[in-house]
Structure formats: structure tokens, C-alpha cells
Amino acid sequence: MHWILLAILMVMLAVMLLALHRTPLGKMIRDQIADRPRRRLFLASVSFFLTFAIVRGMVYCITHDIPPFHYVIVKGTHIHHLVFGIFILLGVGYGWLCEVGNGSDSSSIFASTLMSLLYGIGAALTLDEFALWLNLKDVYFVKEGRSSFDAIILFGSLLAIGAWGQPFFSAIFRGSSRK
């Protein structure tokens, strides 16, 4: 599953990058969301939700024996997709520590877009298996697995609030600093 998942996510990432940099969609997003941090939040939330939908669709296919999807087992160990999510988040975090695509300097719009999309992908892969790291056992399909959905909904909501509520929160902070 994971090799197919990674290939699908790479295709999704490439399509999104092409659409954002080679079509009128990218210019429209840059024009409508001029603030780079807000635009990064929006792009991260889009890739987060798309990745979550893809992963859940693939898990559905695996549990219903729909080829070509299957679990990746290496020497008897199931490699969970949160592992790939953690590696992606570590890479994005390191990139942002090195100020790649964070807008602190003249870093490119492409780098900013790439890092934002990767952040959303990594967060979705990791949080989809939140119940696994909370319970330290595979509870994906039992009652305790519900906490993964809760984590996805809460984090997705946080991304959406940050992306769409930024003008509101900026006005609140400006108003409180004047007092």
C-alpha cells in the first residue's frame, strides 16, 4: 500500500504544483490570498484534506480486498503510513528551520508552495494514525481508532481557521494592542 500511496501522493503533489504555477489558478490564489502565511495555511489545508481522503480510500480498498492495494509488511512488520508522515514533517520542519519557503527572505513562491503542500501531506499521514501512537497498538478499526478521526477533524479545523480567519484574528490582535 505504501509504495502505491507514495506514488499517488507524489502525483497529487506534482499536479497541485503544476496547477498552482502553470495555470491561472495559481495567479488567482496569489491575487485573492496575497498574505503568504495565510496562503501557506490554505495550501496546507487543501493538501491535508486531499491526502486524508486518498489514504482513507486506499484503506477501504485494502480492507475490502480491492487490488492493487495491500499493506506493506517488511520481515513480518507492518509499516504504517504515519512513518512516512513523520519523515515528511521532519523534512519540512528542517526546511523551515533553514528558512526554505517561509517568506522570511526572498525565498521563492515555489518553495513556499512545496513546503506548505508537503506539510499538509505529512500531517494527514501522521494524524490518520493518531490512535496508533496514542494507544501504542494498532487500533485502526476498533473503537479506540475513533481518536484518529477526532485528531484529523481538530487539526483540519485548526488549519482552516488559520487560513480563513486570519483577517479576523489580526483585527483582534491589533485592537487589543491599542488599549
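The values are calculated or read from the model by the stated rules, or taken from the named source; none is laboratory data. Source: prediction; values computed, not measured. Backbone-built Cβ (ideal geometry, glycine too); neighbour counts: all protein chains shown.
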Complete set of residues in the range 89-129 that are among the β-branched types (Val, Ile, Thr), over 13 Å from residue 37 (Cα atoms) and either touching a Ser or Thr at 6+ places or on another chain (Cβ under 8 Å) or surrounded by fewer than 23 Cβ atoms within 10 Å (Cβ to Cβ) (or both): 100, 121
Positions within the range 72-81 being over 20 Å from residue 122 (Cβ atoms) and either of a type outside the set (Val, Ile, Thr) or part of a loop (DSSP other than H, G, I, E, B) (or both), in sequence order: 75, 76
Members of the range 51-73 that are under 17 Å from the mean Cα position of the chain (by Cα) and touching a residue at least 60 places away in the same chain (Cβ under 8 Å): 51, 52, 55, 56
Pairs where the first residue, in the range 103-118, is modelled with pLDDT of 80 or more and the second is assigned to a loop (DSSP other than H, G, I, E, B) and surrounded by 21 or more Cβ atoms within 10 Å (Cβ to Cβ), C-beta under 7 Å, 6+ apart: 111/101; 112/101; 114/101; 115/101
Single residue of 56, 36, 30 found to be among the basic types (Lys, Arg), modelled with pLDDT under 90 and closer than 25 Å to residue 7 by Cα: 56
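Could you go through the range 49-57 and let me know if any residue there is of a type in the set (Lys, Arg) and either touching a strand residue (DSSP E or B) at 6+ places or on another chain (Cβ under 7 Å) or buried (at least 16 other Cβ atoms within 10 Å of the Cβ) (or both).
no
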Any chance residue 134 is farther than 30 Å from residue 22 by Cα and assigned to a helix (DSSP H, G or I): yes
Qualifying residue in the range 26-43 (condition: in a helix (DSSP H, G or I), without any contact (Cβ under 8 Å) to a residue 12 or more places away in the chain, under 20 Å from the mean Cα position of the chain (by Cα) and under 17 Å from residue 153 (Cα atoms)): no
Residues of the range 82-125 that turn out to be in contact with a Lys or Arg (Cβ under 9 Å, 6 or more places away or on another chain) and part of a helix (DSSP H, G or I), as a count: 6
